[in-house]
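Read the structure below first, then the notes.
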Amino acid sequence: MTKQERMDNLNRLSGTDVKKCMKCGKCSGRCPAFHDMDIKPHQFVSMLGQGKIEELLACDAIWNCLSCMACVERCPRGVAPASVVEAVRDTVVRAQGKNGLKAEDIPPIVDEFIPQQLLVSAYRKYNK
Amino acid sequence: MQRIGVFICWCGSNIAATVDVEKVAEVIKSEPGVVYAANYQYMCSENGQQLVKQAIKEHNLTGIVIGACSPRMHEATFRKAAEAAGLNPYMVEVANIREHCSWIHKDMEEATEKAVILVRTAIAKVKLNAPLMAGESPVVKRALVIGGGIAGIQAALDIADAGFEVDIVEKNATIGGRMAQIDKTFPTLDCSACILTPKMVDCAQHEKIDILSYSEVEDVKGFVGNFNVKIRRKARFVDETKCTGCKICMEKCPSKKGLNEFNMNLNTRPAIYIPFAQAIPNVAVIDPTQCIKMKTGKCGICQKFCGVGAIDYEQKDTFIERQYGAIVVATGFKPISVDNFNEYGYNDNKDVITSLELERLMNAAGPTNGVLLRPSDGEHPKVITFIQCVGSRDTSGCGKPYCSKICCMYTAKHAMLIREKYPDTEVHVFYIDVRTPGKNYDEFFRRAVEQYGVDYIKGMVGKVYNENGKLMVQGSNLIDNEQITIESDLVVLAAAIEPEPSVRKIATLLTASIDTNNFLTESHAKLRPVESPTAGVYLAGVCQGPKDIPETVSQASACAAKVIGLLVKDKLKTNPCVATPDETMCNGCSQCANVCPYGAITYVEKEFRLGGGKTEIRRVASVNPAVCQGCGACTVTCPSGAMDLKGFSSKQIMSEVEAICKM
Amino acid sequence: MQDVSTEKKEFTPNIVAFCCNWCSYAGADLAGSSRLTYPANVKIIRVPCSCRVNPMFVLKAFQRGADGVILCGCHPGDCHYVTGNYYTRRRMALLYSFLNYMGIEKERTRVEWVSAAEGARFASVMNDFVKQVTELGENKRLTDLRVKEGE
Amino acid sequence: MKEVEMKMLERAKALLESGEVARVVAWKKGDFCFDPSPAVFESVEELDTFVYDWFCGANLSKYLIQIAKKEGKTAVFLKPCDTYSFNQLVKEHRIDREKVYVIAVECLAKLDVEKMKAKGVSMIESVEVVDKDVHVKTAYGEETLYKPDVVLTKCETCNKTHQAKDEEIILHERPERDVNRFAEVEKLEAMTEDERFAFWRNQLSKCIRCNACRNVCPACSCVKCVFDNPASGISAKANDDQFEEQLFHIIRAFHVAGRCTDCGECSRVCPQNIPLHLLNRKFIKDIDGLYGEFQAGETTEGKTPLTSFTEGDVEPKDVFNGEAK
């Protein structure tokens, strides 16, 4: 796949238009996992726009993103940074070709303290 | 019998090089109805025009066709020439054989053939032309200004200074508008009241200006030069002619819980009040929702104490009707509600305020007498964080998609003033972009940073929350690529501004167009920026788009110039190429009025003869020729074909089509 | 094959272009002032606004032997009369769709927005439209509608 | 239907007797059982010929343009589809709503005698409908037809409900059906240009310019029709000029676009059985698809799709790029 194709692919997967970003940084301003992300939410949007695909695919932030969607909720321009994160992560997971988390893995780890959001998020994250 | 004269121009070699002009004239000579055909080097020259005039007289021509350059160039020239020779100027048609023929074609034969067709087409049209007369309508030499803010005040003063009567209709109890609420103005930091209130006084004292405060426009009829406006004078329960503004009523009024709108509801006022010390007119008004007398029937204290007997609890709304030649809309703006932005916690924390509220907190006449104290506990805030672009540039649906334009500058102003007055205060500003186009604007902003040490942080705030009585402002610092949390005592939101909502009703009354953001649309974004597409209606201030005080004042003066230019005329010449209905065919179905952008079409009941001595009354369309601009939208909408456009009638256009297609 | 293509080349379509006075007619003027070329078989009728163009005019043109009809106006939002071309846009979208429903080739009809500054675009639009109609050949359908089957 | 007819007659009598209305617009008996015709009743005596049966398909709303102008109030019986035309005429100020008393009557789909004849039924003496069976008594005996086969074309895909009423006489509610009134339009759209052209050439070549479609159409109610007006540039006598001949139907369809309520009267009265409603329905379908669902005659106020717009409307060139369909 050419770089352009991969870029197009990520854009399509994310379903968001990174060109709409006005670089205000509100997404990163609210991100609860900000300090654990090596690439920050606003950088995801900017780097996809610039085609820095390699860096994105190699980052740790895709695993640290909580998928809480706070950035999506806050964005004044209707851009969805979390969807970009997710698109990158999906690309990585698909390249690995396996499901990281199967439905049957979930019941054993469920206890009363685990928030529903975490399970949804984990399933989003580790499954292709 | 039609006697058409045709004149083919060479335009030097511009036409003659590719079009055989002599041949064109020769061929056209034998067209039915053509009695004269000539060609000449430069038809638009003095000699060329002379040729036209002479031919009209000598050959008794009923219509002429000029085969020359674009009618956009010289149609007016030849119309004048025709008129000078005694031919109605609208009996002239121009065939564009230069821009649409000689200049775009290389082949002489082809171009000549096309030129003949173009001239024939013009002949076909001119045969159906009718002599048209420009109508006249009188001009009422009085202007109406809707809105008594700085825009309305400036426009009114300028118009009145030129010697014309002006009425200002202001919906509030006093003129002054938003500018009266502002503490200082950028970039000079002079006191807003000090520069505004003298102008308010000028208005009150000007013999040509009539201030109709506490009034609203109820209905508008008529058209440019001749508007008939119905104005509602709301009951203020105080006789304006008697009240001296002594304020004894305010002191004595036992109901003091009404929220003070002028102070952005930050404190309270009595039920009978004068909005602020310099109000014009300096006359009290009673808030019937707070007045004990009006709610329970008991009290009447103000009436008892009023030395001039101005209080009248029974007062009712009254209506007046006045005629105006021109109308200036200057309805202004309001800050948007920030309820949509939970993340900033405006509704949960008293110390999260909007910028306009801060203006009042810093104003010497404000609720804190100009001492900056935070609303929750009256303490001096030590750390103040400003958040810009709250609801501006927001396409998510919560805010407004446009830039509010003034926030960058007033935030810099606030930051600077605070740092100057309270040097021990820390001031942070979260910004996306700092926009400072304007004379001395960027210098002003840089002063805030460099001289006053205001901390500008490139980034946006994601959340404001309360932790142990401190406002935690969490946001991003994009330059340092970090997320920061600032412990603040006061948070100020630079809320977007939007047109004053009542402008929608006004726009409807005036048939003035309005955009999706409720800003009034100007006639041309560059060349007619202060005129509404509706003739005789002019736009000043934020009702047309976000702008600051200097721009508002410029626009208001521009409006005034336009209004004066209109009012000095005794009569207006109207475009004769207007729509006219054939009443005998009109269904009265209203379709045409639905598409008319100018509101030129109304309906009247008329009696028609049916034959056999019978008559019937039908509803038929009536076009006001002073308002119609001649677009023709109505002609196509009309199902019966009753509506037609003078100068571009259906028959004329069809005959052009036929002439072109006849090969 | 050879015959058909030469025959097509000889055919020069007759095109009627309705242009609004404020944008497209001025755009056509600019095309001329810029000495751009487009075929001579395009003939322009000036109307105050594209919204003045009655569907009857379009039909009349076809009936009288026009092979293509193009309607040009200001870009939506730039109408001199504020809203005229918005009505044009709806009317013509519906009319052209309807004509196509009647079996009239959709390539014969077109609406283009050309501003007073777009002289080059005016010329290229006309070149393109003429080419398109030339490929289509003579307009027979709108003059033929009532000829009975088999004739 | 007999019960409904009796109730209607009762009301008509009462209204005329009390003087509440000066006249009643309804249907009167024809020479045969299958040809009732619209009529104005001004006295109780005249009501002898009153009828309301399975053949009363005519839309009475257009008659009100003239009749309702007369002194006093006019009562009218309107079927669901007729009320749309009525509202549209009120919207266009052709009928003064205040002067009309609308009695909504049930319809349950009307029969098409031509379709019955085509089924081989002739010399019809009377008709009785029970559910989906049409029991026909003829001079030759009795026959039963399947009702959906013999209803008027306009009734086949009708789902309309009353949009205007001052009172109602409805004894049987008609269930909502799952019908696609655009099915035939879609069929045509799916054809090639050549096929469509051939289809319409075939159909329109049958036109004899009798003007029946125009005369019955409630939207075609101009004080003076463009086709009758020499100044319009398109008028001419039938067969005089090709243009008018060929394009009469196109222009007529365009003139009523956005105003046509799809009452189907044009096709019902066409002596040549040209499916004229398919012209109007194309406009309706395009309008629905391009500018949002719009049903003319639902209200008596507001603009039509052709007298309104949005800034983001589809571009004419994109109509063919799949956005329309």
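The values are calculated or read from the model by the stated rules, or taken from the named source; none is laboratory data. Computed from a predicted model, the values in this text were never measured in an experiment. Cβ sites come from the backbone with ideal geometry, for glycine too, and all protein chains shown count toward neighbours.
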Would you be able to tell me the number of residues in segment D:13-48 that are touching a residue at least 60 places away in the same chain (Cβ under 8 Å), assigned to a loop (DSSP other than H, G, I, E, B) and surrounded by 15 or more Cβ atoms within 10 Å (Cβ to Cβ)? 3
Could you tell me whether any residue of segment B:436-457 is touching a residue at least 60 places away in the same chain (Cβ under 8 Å), in a strand (DSSP E or B) and either polar (S, T, N, Q) or away from every other protein chain (no Cβ under 13 Å) (or both)? no
Under 6 Å by Cβ, and 6 or more places apart or on different chains, what pairs join a residue from segment D:81-93 that is of a type in the set (Ser, Thr, Tyr) with one that is surrounded by 24 or more Cβ atoms within 10 Å (Cβ to Cβ) and assigned to a helix (DSSP H, G or I)? D:Ser85/D:Ser61
Considering only segment B:311-331, I want to know if a residue exists there that is buried (at least 18 other Cβ atoms within 10 Å of the Cβ), over 30 Å from B:Leu510 (Cα atoms) and in contact with a strand residue (DSSP E or B) (Cβ under 8 Å, 6 or more places away or on another chain). yes
Quick one: what pairs do we get from segment C:69-98, first residue more than 9 Å from chain B (Cβ to nearest Cβ) and touching a residue at least 60 places away in the same chain (Cβ under 8 Å), second assigned to a helix (DSSP H, G or I) and crowded, with 24+ Cβ neighbours inside 10 Å, C-beta under 7 Å, 6+ apart or different chains? C:Asn85/C:Ser50; C:Asn85/C:Cys51
Of B:Ser590, B:Ser532, which residue is surrounded by fewer than 22 Cβ atoms within 10 Å (Cβ to Cβ), in contact with a strand residue (DSSP E or B) (Cβ under 9 Å, 6 or more places away or on another chain) and of a type in the set (Ser, Thr, Tyr)? B:Ser590
What about D:Glu173, is it under 20 Å from D:Asp53 (Cα atoms) and part of a strand (DSSP E or B)? no
Checking the condition at pLDDT 85 or above, part of a helix (DSSP H, G or I) and within 27 Å of B:Tyr410 (Cβ to Cβ), which residue from B:Val563, B:Val553 passes? B:Val553
Hey, does segment D:96-109 have a residue that's among the hydrophobic types (A, V, I, L, M, F, W, C), closer than 30 Å to B:Ser590 by Cα, assigned to a helix (DSSP H, G or I) and away from chain B (no Cβ under 14 Å)? no
Could you check segment B:621-648 and list, in sequence order, the residues that are assigned to a loop (DSSP other than H, G, I, E, B) and more than 10 Å from chain C (Cβ to nearest Cβ)? B:Asn624, B:Pro625, B:Ala626, B:Val627, B:Cys628, B:Pro639, B:Ser640, B:Ala642, B:Lys646
Segment D:228-240 - residue that is surrounded by fewer than 22 Cβ atoms within 10 Å (Cβ to Cβ) and either part of a helix (DSSP H, G or I) or not assigned by TED's automatic domain parsing to the domain that holds D:His255 (or both) and, of those, modelled with the lowest pLDDT: D:Ala231
Hits in segment A:11-32 - residues which are buried (at least 23 other Cβ atoms within 10 Å of the Cβ) and part of a helix (DSSP H, G or I): A:Ser14, A:Lys26, A:Cys27, A:Ser28, A:Gly29, A:Arg30
Selection from segment B:18-41 of residues that are in contact with a helix residue (DSSP H, G or I) (Cβ under 7 Å, 6 or more places away or on another chain) and over 20 Å from B:Lys127 (Cβ atoms): B:Thr18, B:Val19, B:Asp20, B:Lys23, B:Asn39, B:Tyr40
Pick out, from segment A:33-128, the helices (runs of 4 or more DSSP H) lying fully within it that include 3 or more residues that are surrounded by fewer than 20 Cβ atoms within 10 Å (Cβ to Cβ) and hydroxyl-bearing (Ser, Thr, Tyr). A:116-126
Name the one entry in B:His380, B:His414 that is more than 12 Å from chain A (Cβ to nearest Cβ), under 25 Å from B:Pro499 (Cβ atoms), touching a residue at least 40 places away in the same chain (Cβ under 8 Å) and of a type outside the set (D, E, K, R). B:His414
Among the residues of segment D:146-170, what is the count of those that are in a loop (DSSP other than H, G, I, E, B), surrounded by 14 or more Cβ atoms within 10 Å (Cβ to Cβ) and touching a strand residue (DSSP E or B) at 6+ places or on another chain (Cβ under 6 Å)? 3
Name the single residue, out of those in segment B:51-72 being assigned to a helix (DSSP H, G or I) and among the aliphatic types (A, V, I, L, M), that is nearest to the other protein chains (Cβ to nearest Cβ). B:Val52
3 or more residues crowded, with 23+ Cβ neighbours inside 10 Å: qualifying helices (runs of 4 or more DSSP H) within segment C:40-151: C:55-63, C:84-101, C:119-136
Just to check your reading of the model, which residue among B:Val578, B:Val563, B:Val595, B:Val542 is in contact (Cβ under 8 Å) with a residue 40 or more places away in the chain and closer than 14 Å to B:Leu520 by Cβ? B:Val542
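Here is a yes/no grid of residues against (1) within 10 Å of chain C (Cβ to nearest Cβ); (2) of a type in the set (A, V, I, L, M, F, W, C); (3) crowded, with 22+ Cβ neighbours inside 10 Å; (4) at positive phi:
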residue: B:His74; (1), (2), (3), (4): no, no, no, no
residue: B:Asp107; (1), (2), (3), (4): yes, no, no, no
residue: B:Glu113; (1), (2), (3), (4): yes, no, no, no
residue: B:Asn129; (1), (2), (3), (4): no, no, no, no
residue: B:Gly148; (1), (2), (3), (4): no, no, yes, no
residue: B:Gly152; (1), (2), (3), (4): no, no, yes, no
Can you tell me which residue among D:Phe182, D:Phe199 is under 19 Å from the mean Cα position of the chain (by Cα), aromatic (Phe, Trp, Tyr), within 14 Å of chain C (Cβ to nearest Cβ) and surrounded by 17 or more Cβ atoms within 10 Å (Cβ to Cβ)? D:Phe182
Please determine whether any residue of segment C:121-135 is more than 7 Å from chain D (Cβ to nearest Cβ), out of contact with any Ser or Thr (no Cβ under 9 Å at 6 or more places or on another chain) and aromatic (Phe, Trp, Tyr). yes
Top-ranked residue of segment D:63-77 - restricted to ones that are part of a helix (DSSP H, G or I) and either among the acidic types (Asp, Glu) or out of contact with any Phe, Trp or Tyr (no Cβ under 9 Å at 6 or more places or on another chain) (or both), ranked as farthest from D:Glu168 (Cα to Cα): D:Gln66
Where the second residue is assigned to a helix (DSSP H, G or I) and among the acidic types (Asp, Glu) and the first is over 12 Å from C:Leu99 (Cβ atoms) and within 7 Å of chain B (Cβ to nearest Cβ) and lies in segment C:54-68, which pairs have Cβ atoms under 7 Å and are six or more apart or on separate chains? C:Arg64/B:Glu658
Among the residues listed as B:Lys334, B:Lys350, B:Lys400, the single one being surrounded by fewer than 23 Cβ atoms within 10 Å (Cβ to Cβ), in contact (Cβ under 8 Å) with a residue 24 or more places away in the chain and not in a loop (DSSP other than H, G, I, E, B): B:Lys334
